[in-house]
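A short worksheet on the structure shown next.
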Amino acid sequence: MDRAILVDGDVPGFTSGPMDAPPPRGETADRSECLPLTAVLNGKPEPLGKAVAYRQLVGPDNDRPAVSEFLTTHGVRDASTLLNRLRAAITACADGFTASGGDGPSKYTGVKQLSPVKAGDDAVAYQLTGDFEGDPVPLVFHLVRVGGTVATFYTANFESGATPTMPPALIAAQATKLS
């Protein structure tokens with residue numbers, strides 16, 4: 001997996017560094033239809049991958065954007081199932097949900113589908129808006145499937161509440177590297 005994930009030099013202006021694996025326990029959505037969203041948020045999209053690699057990608061603009069990437073291998077059927085479950089969760093959980101675990105209860109005020117980057121065999125993108133002490137925190141996810149491998153990209157804006165931009169060059173480069 002480490003040879004398949006983005007590294008320094010794959011995308012001009014971005015550096016790639018190690019990222020710790022997520023903690024064993026994460027958040028769990030209060031509604032079963034929202035569980036696919038918390039699974040991705042936890043860094044463990046379901047169905048669980050057979051292999052996984054994690055990276056932190058940092059851009060040239062004052063170390064922004066900072067994008068987390070995790071690459072998971074599933075087999076084509078499970079990888080397709082993962083994206084289809086996310087699409088259903090985006091629709092079912094559009095009005096938000098709460099989650100428990102992690103550092104305590106979390107409130108997500110909404111989920112909306114975004115236009116995915118045209119890459120790979122399939123792609124989905126969405127914004128999950130968290131509530132941090134009364135302030136909106138937009139979390140943006142882009143997932144791209146190439147065969148049985150899913151690349152998940154995540155970025156957040158903790159400063160202004162504006163939707164953060166996901167650099168399409170990262171997604172395109174990863175899809176090309178997996179092809």
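The values are calculated or read from the model by the stated rules, or taken from the named source; none is laboratory data. As the structure is a prediction and not an experimental result, all values here were calculated from the model. Note: ideal-geometry Cβ built from the backbone for every residue, glycine included; neighbour counts use all protein chains shown. For the accessible areas, the whole protein counts, side chains as well, though only heavy atoms, and no ligand, DNA or RNA atoms are used. Shrake-Rupley method; radii C 1.70, N 1.55, O 1.52, S 1.80 Å.
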(message) Whole-Hz ³J(HN,Hα) for each residue in segment 145-160, computed from phi via Karplus 6.51 cos²θ - 1.76 cosθ + 1.60 with θ = phi - 60°, x for glycine and proline: what do you get?
(response) 10, 10, x, x, 10, 10, 9, 10, 10, 9, 9, 9, 10, 8, 9, 10
(request) Could you rank the peptides 103-110, 123-130, 141-148 by their average count of other C-beta atoms within 10 Å per residue, with the highest value first? (result) 141-148, 123-130, 103-110
(request) Starting from the alpha-carbon convex hull of the chain, give the projected area averaged over all orientations, in nm². (result) 9.4
(message) Using the crude model of +1 on Lys and Arg Cβ and -1 on Asp and Glu Cβ, and no other charge, please compute the dipole size for the chain relative to its Cα centre, in debye to 20.
(response) 640
(message) Which log10 I(q)/I(0) values does segment 37-105 give at q = 0.14, 0.25 Å⁻¹ under the Debye formula, counting every alpha carbon as one identical point scatterer?
(response) -0.59, -1.09
(request) First measure r as the distance between the Cβ atoms of residue 51 and residue 109, then evaluate 1/(1 + (r/R0)^6) with R0 = 45 Å and state the FRET efficiency to the nearest 0.05. (result) 0.85
(request) With the full set of protein chains in place, find how many percent of the accessible area of the chain is carbon and sulfur; take the probe as 1.4 Å. (result) 52
(message) Order 40-47, 7-14, 92-99 from most to least packed using the mean count of other Cβ atoms within 10 Å.
(response) 40-47, 92-99, 7-14
(message) Checking the cross-link filter: which aspartates and glutamates have an alpha carbon closer than 15 Å to that of residue 107, excluding same-chain neighbours under 8 positions apart?
(response) 27, 30, 95, 131, 133, 135
(message) Explain nothing, just the number: relative contact order of the chain, from Cα pairs under 8 Å at least 6 residues apart, as a whole percent.
(response) 20
(message) I want to verify a result. In a Gaussian network model of the chain, Cα cutoff 10 Å, which of these has the top mean-square fluctuation: 160, 68, 80?
(response) 160
(message) Please report the net charge: other residues with Cβ closer than 13 Å to the Cβ of residue 73, K and R +1, D and E -1.
(response) +2
(message) What is the distance in Å between the Cα centroid of segment 1-44 and that of segment 116-149?
(response) 11
(message) At a threshold of 8 angstrom on Cα-Cα distance, excluding pairs fewer than six apart, so keeping six or more, what relative contact order does segment 81-122 reach in percent?
(response) 32
(request) Give me the aspartates and glutamates in straight-line cross-link reach of residue 50: C-alpha distance below 18 Å, same-chain residues under 8 apart excluded. (result) 2, 20, 69, 78
(message) Once you place label points 7 Å from the Cα toward the Cβ at residue 76 and residue 118, how far apart are they in nm?
(response) 2.3
